[in-house]
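In what follows, a structure is listed as structure tokens, so that the remarks can point back to it.
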Amino acid sequence: MKVFFRNIHLYLSLAAGLVIAIVCFTGAVLVFEKELKMAFNSHQYTVEAGTQRVPLEQLVANLQKEIPKAQVTSVKVYTDPTRSVELNYKDPNAPQPQGGEKGGKGGGRGEKARGEHPEKAKEAQAGAAGKGGKEGGKGGKGGKGGGGREATIQAFMNPYTGQFLGTYNHRESFYFTMFQLHRWLLAEDTGKLIVGVSTVFFLFILITGIVLWWPKNKKILKQRLKLKWNGGWKRINHDLHIVVGFYTALFLFLFAFTGLAWSFEWFNDAIYTVTGTENNRPEPPTAPAQEAAATITLDQAIAAAQTWEPNAEFYNISKGREAGDAVSVTAMPADAVHERASNQLFLNPYNGEQLGQQLYADKNLGQKVRATFYPLHVGSIGGLVGRIIAFISCVAGTTFPITGIILWVNRLAKNRRKSDKKKRKVAAQPAA
């Protein structure tokens with residue numbers, strides 16, 4: 001029976017090993033993307049706390065002085081007094097985004113446009129009052145490389161001095177290249193399919209790997225739970241594949257399984273089928289349009305949100321695109337179960353009255369399960385420890401195709417030596 005599982009393990013690994021190595025490597029790079037960006041660009045993300053904050057409308061005006069054509073789509077304000085204010089904007093004069101996947105059926109409200117990094121899309125769109133984006137459901141078509149869509153860029157502003165601190169365009173960054181490799185191998189829909197199929201193969205590789213690892217007795221169990229660093233290079237290679245594979249298999253299986261949600265629509269549909277729920281999200285409310293009526297300021301929206309959700313890590317504000325569209329404020333509770341468990345408040349754009357809300361707690365089971373996939377996929381659901389585990393597991397996953405090939409070659413060489421020895425033994429026997 002183990003021969004059967006070994007053949008499945010081997011041939012699936014040969015077919016998908018290179019893709020698995022690329023996906024695991026890029027996954028490891030992306031685990032600490034946010035922390036690395038903040039570390040290398042601390043002058044943009046952190047400021048010296050002051051006593052008097054500049055009105056948010058003034059920050060928008062200051063940005064437009066620096067970048068006249070900037071069209072601000074959302075404003076993100078942290079409760080941490082040392083954090084800068086982030087303005088997401090679109091610049092018609094900026095180079096149009098190239099590369100990426102065809103826009104189409106998305107995996108979530110914050111990921112409607114597939115060319116966007118999940119976190120970038122969420123920050124720019126989670127608070128949007130735009131219509132039609134269902135979480136985990138169908139999004140709008142954007143064409144290749146986000147055709148017809150302008151790149152969303154982040155600007156950082158000092159909330160105490162109003163100073164422009166710089167910009168960050170995710171689509172022009174090293175991390176976006178890693179993201180494209182991770183999701184579709186820089187090959188759009190074809191690459192996405194290859195990654196998806198390889199991920200399915202990886203699940204079977206992990207399952208058969210555990211079957212092959214399973215020891216017959218306690219002596220072998222001890223050997224397969226500990227690396228033998230003082231052995232020869234073949235033994236070290238063996239242990240790096242077998243022992244490390246055992247310790248990381250469960251985590252890699254979880255990361256691969258959740259990753260299927262971004263490769264196959266049927267997988268997303270199955271989540272709601274299994275949970276007996278539907279992926280229906282109510283449309284954002286609107287107010288009767290009033291000609292020449294003044295709208296509430298960004299600071300008024302923040303004040304209303306702070307009363308509604310006083311214990312939040314940040315507030316992301318977005319004004320509607322059309323007259324009467326609600327002002328949307330997404331708040332991330334400080335005690336949220338994970339980074340996708342945000343709440344959304346809708347305000348009347350003219351008088352600031354509450355028009356409605358969409359709470360994470362009110363989502364159905366299928367929506368809650370789908371919302372956990374990203375934090376599970378990147379390990380953030382376990383905090384810093386979870387990210388470290390994700391990083392180590394992905395680094396290990398990068399090495400498994402290499403150590404596995406070496407094991408296979410060594411086994412072939414060993415079998416060949418046995419066969420040659422048997423032939424020499426038969427040839428040495430006297431004729432009857």
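Mind counting the residues in segment 315-362 that are touching a strand residue (DSSP E or B) at 6+ places or on another chain (Cβ under 7 Å), open to solvent by 30 Å² or more (accessible area, probe 1.4 Å) and of a type in the set (Phe, Trp, Tyr)? Summing the residues that are touching a strand residue (DSSP E or B) at 6+ places or on another chain (Cβ under 7 Å), open to solvent by 30 Å² or more (accessible area, probe 1.4 Å) and of a type in the set (Phe, Trp, Tyr) in segment 315-362 gives 1. Of all the criteria given as (1) touching a residue at least 24 places away in the same chain (Cβ under 8 Å); (2) outside the structural domain of Phe179 (by the TED database), the one not satisfied by Pro401 is (2).
Being in the same structural domain as Pro401 (by the TED database) and either modelled with pLDDT under 95 or open to solvent by 30 Å² or more (accessible area, probe 1.4 Å) (or both) is not true of Val243. When Ala336 is tested against (1) closer than 23 Å to Ala261 by Cβ; (2) without any contact (Cβ under 8 Å) to a residue 24 or more places away in the chain; (3) hydrophobic (A, V, I, L, M, F, W, C), only condition (2) is not met. Considering Thr277, Thr258, Thr273, Thr286, the condition of being open to solvent by 70 Å² or more (accessible area, probe 1.4 Å) and in contact (Cβ under 8 Å) with a residue 24 or more places away in the chain is satisfied by Thr286 alone. Thr295 fulfils the conditions (1) more than 30 Å from Phe204 (Cβ to Cβ); (2) over 20 Å from the mean Cα position of the chain (by Cα); (3) open to solvent by less than 60 Å² (accessible area, probe 1.4 Å) except for a single criterion, (3).
Scanning segment 282-315 for residues that are among the charged types (D, E, K, R) and farther than 23 Å from Ser342 by Cα returns a single hit, Glu291.
Filter segment 38-65 down to the residues that are more than 32 Å from the chain's Cα centre (by Cα) and among the charged types (D, E, K, R), then identify the one that is surrounded by the fewest Cβ atoms within 10 Å (Cβ to Cβ). So the residue we want is Lys65. For the condition assigned to a helix (DSSP H, G or I), among the β-branched types (Val, Ile, Thr) and in the same structural domain as Ser198 (by the TED database), Thr307 does not qualify.
Condition check ((1) open to solvent by less than 30 Å² (accessible area, probe 1.4 Å); (2) within 25 Å of Asp299 (Cβ to Cβ); (3) touching a helix residue (DSSP H, G or I) at 6+ places or on another chain (Cβ under 8 Å)) across all residues:
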{"site": "Tyr11", "(1), (2), (3)": "no, no, no"}
{"site": "Cys24", "(1), (2), (3)": "yes, no, yes"}
{"site": "Val29", "(1), (2), (3)": "no, no, yes"}
{"site": "Lys34", "(1), (2), (3)": "no, no, yes"}
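The values are calculated or read from the model by the stated rules, or taken from the named source; none is laboratory data. Predicted, not measured: the structure shown is a model, and the values here were computed from it. Please note: Cβ atoms are built from the backbone with ideal geometry, for glycine as well, and neighbour counts cover all protein chains shown. The area values use the complete protein model at the heavy-atom level, side chains included, leaving out ligands, DNA and RNA. Shrake-Rupley method; radii C 1.70, N 1.55, O 1.52, S 1.80 Å.
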